[in-house]
Each structure stands twice: as structure tokens, then as C-alpha cells.
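Worksheet: one structure, shown below.
The values are calculated or read from the model by the stated rules, or taken from the named source; none is laboratory data. Everything numeric in this text was worked out from a predicted model, so none of it was measured. Heads up, the Cβs are rebuilt from the backbone with ideal geometry, glycines too, and the neighbour counts pull from every protein chain shown. Just the protein is used for accessible areas: all its heavy atoms, side chains included, with ligands, DNA and RNA removed. Shrake-Rupley method; radii C 1.70, N 1.55, O 1.52, S 1.80 Å.
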Amino acid sequence: PVLPRRGFVLVTEPLPPATVRHKVYAADYVDAVASSDAELQASPVVEGTGGGTVLIGSTRERVGFDRRPSPAALRALARGAIGLFPVLASVRAMRVYAGFRPYCPDHLPVIGPDPRAPGLWHACGHEGAGIGLAAGTGKLIAQALTGATGEATELDLTPFAPERFAAEGGRA
């Protein structure tokens with residue numbers, strides 16, 4: 001049951017380079033990521049770019065594939081960013097974009113063979129960590145498919161198996 005969790009990012013007008021020099025997360029970011037609530041979860045993440053713009057995230061909500069801007073989510077982003085960097089109160093947002101994180105109810109990715117379709121392997125459901133975990137997931141899939149380590153994989157894939165949802169009454 002991989003579901004979309006919509007998130008928004010605000011992009012500001014270009015600012016002087018020293019305005020935001022590092023990516024900054026609010027302390028409640030981990031709680032927002034770990035939440036299983038379908039309702040809006042917002043925790044500020046602010047990051048300056050080489051071009052001077054500032055990226056302001058992060059929201060999560062389960063609303064299907066609805067891309068429409070959410071005024072509540074955008075207000076939460078702006079409020080959170082200003083809380084971390086008060087200088088942003090006078091900065092204009094140039095644009096907003098939405099994306100979808102592939103979410104699993106147990107917060108673990110799905111990695112392994114599909115029990116219903118021989119030859120089909122899954123590597124999905126990493127939510128917001130997909131890019132960071134892509135190389136490791138790819139290595140595990142390659143090991144599983146080739147038997148490169150003599151055993152199945154360096155890491156036991158059982159916790160990530162697609163059929164784990166069938167045992168809980170969900171779709172496998």
C-alpha cells in the first residue's frame with residue numbers, strides 16, 4: 001500500500017549569499033516525518049541555494065495526487081521559516097511547487113520480489129529519503145538478483161518484503 005504524501009516547497013526571491021548559509025531543520029521535523037496522520041504535518045526546513053533563493057519546506061499530507069496549492073500548508077511553511085529566520089518576514093516568495101513522497105504505513109520502504117508476479121521486484125516507498133537511499137537500495141536489489149555475496153544480500157530484506165502487508169490484512 002504505497003500512498004502519495006504531498007509536500008510543498010516555497011522558493012523565495014534571491015537574497016544576499018550570507019542570509020541562509022546552511023540547511024536548517026526545526027526540532028519537530030523527525031516527528032512530522034514519523035507521523036502516520038493523513039492531516040497536514042508541517043515542520044520548517046530552510047535551505048539557501050547557490051543562486052541566492054531560499055527553499056522553504058516541509059509539509060506532508062495524504063490527499064491523493066491532488067497538486068492544488070494548499071493555503072494552510074503554505075501559511076505553515078512561511079510561519080515556520082520566519083520562526084527560524086526572522087529576516088524572511090520581508091522576503092517575497094517567487095513560486096511554490098508540490099511533490100509526492102511514496103509513503104508506506106509502517107514507514108519502511110518496499111524492497112524485494114512481488115509474491116504475485118514472478119520476476120517483478122519492488123524498490124519503492126522510501127518517502128522523502130529516496131534519493132539518499134537509492135544507491136543502497138540499488139546495491140541490495142543487485143545483490144538479491146545476482147547472489148553476489150554468496151548469501152541473498154548484505155542486509156536482510158525481510159522487514160522490507162512486499163508481502164508484509166498481506167499479513168496485516170493489506171494488499172501485497
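Remind me, relative contact order of the chain in percent, using alpha carbon pairs under 8 angstrom and six or more residues apart? Write out the running numbers ahead of the final one.
Numbers: 316 pairs, mean separation 41.9, N = 172.
It comes to 24 percent, rounded to a whole number.
Where the convex hull is taken over the Cα atoms of the chain, what is its projected area averaged over directions, in nm²? The partial results should precede the final answer.
On the way: hull surface 47.2 nm².
It is 11.8 nm².
Just to confirm, what accessible area per residue do you get for the chain at 1.4 Å probe, in whole Å²? The partial results should precede the final answer.
Numbers: 9640 Å² over 172 residues.
Dividing the accessible area of the chain by its residue count gives 56 Å².
Between Pro118, Leu55, Ala27, whose Cα lies farthest towards the positive end of the dipole of the range 16-161 when Lys and Arg beta carbons carry +1 and Asp and Glu beta carbons carry -1, centred on the Cα centre?
Farthest along the dipole direction, towards plus: Leu55.
Rounded to whole Hz and in sequence order, give me ³J(HN,Hα) for the range 56-67 from the Karplus expression 6.51 cos²θ - 1.76 cosθ + 1.60, θ = phi - 60°, writing x for Gly and Pro.
So the J values, rounded to whole Hz, are 10, x, 9, 10, 9, 7, 9, 10, x, 9, 6, 8.
Only residues of the range 1-27 count here: report those whose backbone N is under 20 Å from the spot 7 Å along Cα→Cβ of Leu84, or say none.
Residues 6-27 qualify, since their backbone N sits under 20 Å from the label point.
What area, in nm² and to one decimal, does the C-alpha convex hull of the range 82-128 cast on average over all directions?
On the way: hull surface 23.1 nm².
Here the figure is 5.8 nm², rounded to one decimal.
Taking 7 Å along the Cα-to-C-beta vector as the label spot, tell me the Leu108-Leu133 distance in nanometres, rounded to one decimal.
1.0 nm
Sorted by accessible area with a 1.4 angstrom probe, largest first, how do Glu154, Glu13 fall? All intermediate terms of the calculation are to be shown ahead of the outcome.
On the way: Glu154 125, Glu13 40 Å².
Descending order: Glu154, Glu13.
Among 22-30, 47-55, how do they line up by average Cβ neighbours within 10 Å per residue, starting with the highest?
Numbers: 22-30: 13.1, 47-55: 15.7.
Highest mean packing first, the order is 47-55, 22-30.
Calculate, in whole percent, how much of the Cα-Cα pair population of the range 1-74 lies beyond 18 Å. All intermediate terms of the calculation are to be shown ahead of the outcome.
Working: 1215 of 2701 pairs.
Cα-Cα pairs in the range 1-74 separated by more than 18 Å: 45 percent.
In the chain, what percent of the accessible surface is made up of carbon and sulfur (1.4 Å probe, ligands and nucleic acids excluded)?
Working: 5770 of 9640 Å².
Solvent-exposed carbon and sulfur of the chain make up 60 percent of the total.
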